[in-house]
Each structure stands twice: as C-alpha cells, then as structure tokens.
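The next block holds one structure in the form of structure tokens; read it before the comments.
The values are calculated or read from the model by the stated rules, or taken from the named source; none is laboratory data. Everything numeric here is computed off the predicted structure, so don't read it as measured data. Note that each Cβ is placed from the backbone with ideal geometry, even for glycine, and that neighbours are counted across all protein chains shown. The area values use the complete protein model at the heavy-atom level, side chains included, leaving out ligands, DNA and RNA. Shrake-Rupley method; radii C 1.70, N 1.55, O 1.52, S 1.80 Å.
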Amino acid sequence: MRIRAAASAELPLLQDIERAAGEPFRMLGMAAIADDDPLPLDVLEAYRHAGRAWVAVDAADRPVGYLLADTVDGSAHIEQVSVHPAVARRGVGRGLIEHLAATAGARGLAALTLTTFTEVPWNAPYYTRLGFRSLAESDPALTEGLLAISRAEAAHGLSAWPRVCMRREVRRAA
C-alpha cells in the first residue's frame, strides 16, 4: 500500500469511499450516519490544496482510503479517515494514521487527536489498539479546540450515540 497526497481529480472517489464506509453503520442501528452526505467537493479541495488530504492507493494507483487532517491546539487532528469496506482489515487505516503521525512529528506537533464513537468496534476500540487514549472531561489534554469540535458534532446530531475525544502522542523529529 502506498500513501500519497490526494489529487483534485480523485475527490469524487473520496466521496464514494465515504459513502461505502458509512454503510456498515446501518447494521448497528446508525442509519443516520450511513445516510449522511460526504464532505462537499469544495471542502475536500480545500484540504487537498492545503496539503492536508492523503490517500492510500491500490496497485493501480486508485484511492481505497483517505485521511483529512487539521491542526488543533498544537496537535494533528484527524478530521476524517475512511477506508472502503472492500479493503477493510488490511492495514489501510493504520497506514494512513501512521503517515499522519510521521508528518505531525516532522512538523513538531505533539500528538494526534480525533473524536469518535465509543461503541462502534471500528472506532474507539480500534483507535485504542493504535495507541490512542480516551480523554476524560478532567484531562488537561482535552483542549478548548477539541471541546469546540465536540460541540459542533453534537449540534450536527452525532451526540445521539456516545462519543469521545482521543489523543496519541507522537515522536517529534529531531
């Protein structure tokens, strides 16, 4: 698997990956997540243009997964990571996250952060296996930026299911 920057022409494929990656939520009674529209092309283009959109590609150089990142309070925040179900459980998501960890370390960022569902097997339990830890409300690592993201997600209806902020330290490049 190779990871590289997303190309403009691939952005509709990222939307397709997002739709496909949402379908498994349906079997957990989370149809609203499965039915949620992917990010619009202009938003994806903004991430791509800023150098904050990466794709994992197959042997034909076609995206099978992607990751979008922001910088939030000195950490690389995973805004979105999606893997097409046809290639799930093959290390694609892990590869994308490790790529971001290396990029974040090279930029001198302290950690990776994300918000996710606590009870979805391929969400919080998966990220815990990748070295992320849940942030309690009293944890000083639960920054104002992460709280603002959580509030925005709640306003979007995501708080209908238990969610958590998570953090993983990264090694800074020397």
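Is it the case that region 132-142 has a residue that's in contact (Cβ under 8 Å) with a residue 40 or more places away in the chain and either farther than 20 Å from Val83 by Cβ or aliphatic (A, V, I, L, M) (or both)?
Among the residues of region 132-142, not one is in contact (Cβ under 8 Å) with a residue 40 or more places away in the chain and either farther than 20 Å from Val83 by Cβ or aliphatic (A, V, I, L, M) (or both), which makes the answer no.
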(message) Within region 31-83, considering only strands (runs of 3 or more DSSP E) that don't extend past its boundaries, which have at least 1 residues that are in contact with a Pro (Cβ under 6 Å, 6 or more places away or on another chain)?
(response) 53-57
(message) Given the options Ala86, Ala155, name the one that is closer than 28 Å to Asp35 by Cα, free of Cβ contacts under 8 Å to residues at least 40 places away in the same chain, open to solvent by 20 Å² or more (accessible area, probe 1.4 Å) and of a type in the set (Gly, Ala, Ser).
(response) Ala155
(request) Could you pull out the residue among Leu28, Leu39 that is open to solvent by less than 60 Å² (accessible area, probe 1.4 Å), in contact (Cβ under 8 Å) with a residue 24 or more places away in the chain and either at positive phi or not hydroxyl-bearing (Ser, Thr, Tyr) (or both)? (result) Leu39
(request) For Glu79, work out the one condition from (1) closer than 21 Å to Gly108 by Cα; (2) without any contact (Cβ under 8 Å) to a residue 40 or more places away in the chain; (3) in contact with an Asp or Glu (Cβ under 7 Å, 6 or more places away or on another chain); (4) open to solvent by less than 50 Å² (accessible area, probe 1.4 Å) it doesn't fulfil. (result) (4)
